[in-house]
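Novice: Okay, handing you the structure first.
The values are calculated or read from the model by the stated rules, or taken from the named source; none is laboratory data. Quick caveat: nothing in here was measured; it's all calculated off a predicted structure. Positions of Cβ are backbone-derived with ideal geometry, glycine not excepted, and every protein chain shown enters the neighbour counts. Surface accessibility is based on the protein's heavy atoms, side chains included, excluding ligands, DNA and RNA. Shrake-Rupley method; radii C 1.70, N 1.55, O 1.52, S 1.80 Å.
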Amino acid sequence: MLAILAAALAPLMALAESLSVQQELKIARNAGIEIIYSTDLVPAELMAPTPRAEATPLQRVTEALAPNGLVLRAIGVGKFVVVKADKPPPPAGTTPPPPEVLDEITVYASRYSIDARGRIDQKLLTQTDIQSIPGSHDDPMRSLRSLPGFATAASARPYVRGSLADDVLVRYDGVTLFDPFHLKNFQSLYGAIDPLAVGGMEVYSGGYPVRYGTRSGGVIDITPRPSLPGHEFDLELSRSSYGVATSGISESLPIEWLATIRSNTSSLLLEPIESVPGDPRVTDATGRVRWTVNDAAGLTLGWLLLDDTVGFDSNTDEQAAHARYRDQYVWLAYDQRIDTSLRSRTTLALAAATRKRNGSVDLPDISIGSVAEDRSYSKTELSSDWVYEPGALTALTWGAALADTEADYSYTRVLSLDPAVASAFNRAATSNLSGSGSPRARTFSAYGSLRHLWPHFESELGLRMDGQDYIDEATHLQWSPRLNLRYDFTPHWHAYGSIGRFTQAQAIEEWRTEELQHTADPAEVARHTVLGLSHDDDAGLRWSLEFYRKRWTTVSPYYESELDPTALLPDLLPDRMRIAPNASEAHGVELNVRAQLTRGLQSWISVTSAQVEDEFDTTDQRRSWDQPLAVNGGASWTGNNMNFSAVLGWHSGWPSTPVSGTDPQDSSPIVLGPRNSTRWNDYVSFDVRGSWMRPTFGGEMTLFAEITNVTDRRNLCCTVLQPPQAGSSSLGIERKAWLPLVFNVGVTMRWHSAPWKMGD
């Protein structure tokens, strides 16, 4: 018993010993505080006084710096830089106050904030780094897959609490992105933002503030990676991609910059869905240059380029598909702080995109056809956002935006289905279509919100207006009131809630070309209701229990492959369905627990019970990504120069449509059951990743390796129809699985030309 007690007290006794200031900075970093310092100001031999037992990590750092004439200067939420104090250090034995900084808004339900080191605030557990999350394949969008309420599979696009994948707003540096994924018509397998360009991600799965509009399902708001004083250069190479990045702050000019370029190294990106040989060529480039006009204003020029070329060719000529995608964004933003309480950001953004694809299928007794699609669109948007904070307890935000969008599309399909197969799927045997369109739209929006904090209560009331002026149509208007509340019973117990209306007008680049859509759908309307209870303690344990309900009273039609969602050319196969529900609803409960077990070891688990259904005149049908129960858990250990993390994910099998062959006397080649009336086997994936860092070649080298689906479990997903074998009239039926075992290994080199570095 004494040995056990001594082992339990040893870490606490070690923490009570005097450490160097650099070691205190490391403790603060592990607690989620980002601190930049110079080794000239904080040399390795600089010692800190013995910390108080009750001191927080931020207080420990503040007290360690003060006797040495140093202080922390806030440069953002949870971000500080070590500088010399303007005043002499306080007398020994006194406790300096921690730096004052207005905390981030915490009233919002279902909000998760992840920085570049993978820290996740409030209800969720932390992970070590966006780039170090197992199974993410160096993709920040895939790193979100462990969040509760996020349903993902082969695609990097998440389904957020039952929403369609297109119902999620994605922004980078405040600019709305059309479709920020590579391989768009092939499951959007890869996110378009280089992890070297990401500083953090703010994610809302419901109840988000009124500054976010145009989407009804969720928000992923990505902030650029911050530049550090000096010049930094990064080089990354792995089995899946290679990339370079540079960032820094000029010593002689008021300029800071960030630039990245990345490309794939192999067809490893296609592992989840590849059924025929594929040859992807994927490239993205991100840039950002900021000129500091004065202490209160700055001008930012940013750009993002995505370029994809992909081809699939079958040796038997059964299927062939080729596609080319190109997206370009350029934006100019001016931000200013008019005084200590008022600040604004005004942005002019230009975007242009092209989508081209063509392909053919030759499946005797099933389908024979070809398709060619060509789409392009451009958008110009001017937006301005303002924040007024007359004090630490009140904030008023407002803004407006104007945009003009033009699109052109052409679509040609020649398709012949076997009559018996067409009858089984309730399709026409011949489905030829050819046409074009040139929609135009002007959109406008305005919003305002008021937030106030009382001693134990915080609230935000907001109202948003969105409007669309489609050419040759009437102007459409939508209003979205939203209310967010939080009550603190004690410093550790919190209750919160959110209720609001969220609207989603159909953007012209989303018109369904495969049916030659010529008029916009009515705007989708959703109501979000969230109730939650959370608790945190001083030992690093946090948990939350959250109930939610999303109800869409207006839903746009969408297309779906009933049997094989990974098909290369879904519009040339018989299982392509147009789904037009009258309404939809998602509801569920989420339990999230995270714990800081030791200074370097943290763990987390989330359990979600949920249901999502489309409602029709006579019946309700589960959406194809409905998962009644999901569990995600993991752990991450970080040492001085090593990191190891593991994630275990399990969820109920997604709905499936039963299909079987028939005997030779049956007139139908297959028997098709009710849509989504059965389920695939439960999905399980165990993913691990390890990294090792050491100084070398004048910089830092990090070697990493990760394995996705370590056990190579066969998680079934799809049914593929095959032509009948010789002498048989029944179609062949193949069951496919997605996300097999994938091994990735790589190296990252980082050089910094100045003595500044991140606290590590």
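Novice: Taking only the range 514-524 into account, find how many residues are among the aliphatic types (A, V, I, L, M) and either more than 25 Å from Arg161 (Cα to Cα) or part of a strand (DSSP E or B) (or both).
Specialist: Adding up the residues that qualify gives 2.
Novice: If you don't mind, there's one more thing I want to ask. Name every residue in the range 407-427 that is under 17 Å from Leu363 (Cα atoms), open to solvent by 30 Å² or more (accessible area, probe 1.4 Å) and either touching a helix residue (DSSP H, G or I) at 6+ places or on another chain (Cβ under 7 Å) or not in a helix (DSSP H, G or I) (or both), in order of residue number.
Specialist: Val414, Ser416, Asp418, Arg427
Novice: I'm trying to understand the selection: among the residues of the range 525-543, which are farther than 30 Å from Trp479 by Cα, part of a strand (DSSP E or B) and over 24 Å from the mean Cα position of the chain (by Cα)?
Specialist: Hits for the range 525-543 are His535, Asp536, Leu541.
Novice: Scan the range 569-592 for residues that are closer than 22 Å to Pro674 by Cα, hydrophobic (A, V, I, L, M, F, W, C) and not in a strand (DSSP E or B) and jot them down.
Specialist: Scanning the range 569-592 gives Leu572, Leu573, Ala580.
Novice: For the list (1) open to solvent by 20 Å² or more (accessible area, probe 1.4 Å); (2) among the hydrophobic types (A, V, I, L, M, F, W, C); (3) touching a Phe, Trp or Tyr at 6+ places or on another chain (Cβ under 9 Å), I need the number of the one condition that Leu332 fails.
Specialist: (3)
Novice: Still on this structure, I have one more. Open to solvent by less than 10 Å² (accessible area, probe 1.4 Å) and aromatic (Phe, Trp, Tyr) - does that describe any residue in the range 218-241?
Specialist: No, the range 218-241 contains no residue that is open to solvent by less than 10 Å² (accessible area, probe 1.4 Å) and aromatic (Phe, Trp, Tyr).
Novice: Right, next: Kindly indicate whether any position in the range 338-346 is touching a residue at least 24 places away in the same chain (Cβ under 8 Å), part of a strand (DSSP E or B), closer than 18 Å to Phe178 by Cα and open to solvent by less than 80 Å² (accessible area, probe 1.4 Å).
Specialist: The answer is no, given that none of the residues of the range 338-346 is touching a residue at least 24 places away in the same chain (Cβ under 8 Å), part of a strand (DSSP E or B), closer than 18 Å to Phe178 by Cα and open to solvent by less than 80 Å² (accessible area, probe 1.4 Å).
Novice: Evaluate the range 669-681: report whether one residue or more is touching a Gly at 6+ places or on another chain (Cβ under 8 Å), in a strand (DSSP E or B) and closer than 30 Å to Met642 by Cα.
Specialist: The answer is no; no qualifying residue exists.
Novice: Okay, next question. Here is a list of conditions, (1) open to solvent by 20 Å² or more (accessible area, probe 1.4 Å); (2) within 23 Å of the chain's Cα centre (by Cα), and Pro570 meets all of them except one; can you say which number that is?
Specialist: The single condition Pro570 does not satisfy is (2).
Novice: Here's another thing I want to ask about it. Can you say whether Ala245 is surrounded by 19 or more Cβ atoms within 10 Å (Cβ to Cβ) and touching a residue at least 40 places away in the same chain (Cβ under 8 Å), as far as the supplied structure shows?
Specialist: yes
Novice: Leu183 - would you say it is open to solvent by less than 10 Å² (accessible area, probe 1.4 Å) and in contact (Cβ under 8 Å) with a residue 40 or more places away in the chain?
Specialist: Criteria met by Leu183.
Novice: Checking the structure you have, find out if any residue of the range 549-558 is of a type in the set (Val, Ile, Thr), open to solvent by less than 50 Å² (accessible area, probe 1.4 Å) and within 26 Å of the chain's Cα centre (by Cα).
Specialist: The answer is yes; a qualifying residue exists.
Novice: Quick check on this structure: which one of Glu514, Glu473, Glu510 is open to solvent by 40 Å² or more (accessible area, probe 1.4 Å), over 25 Å from Tyr204 (Cα atoms) and among the charged types (D, E, K, R)?
Specialist: The match here is Glu473.
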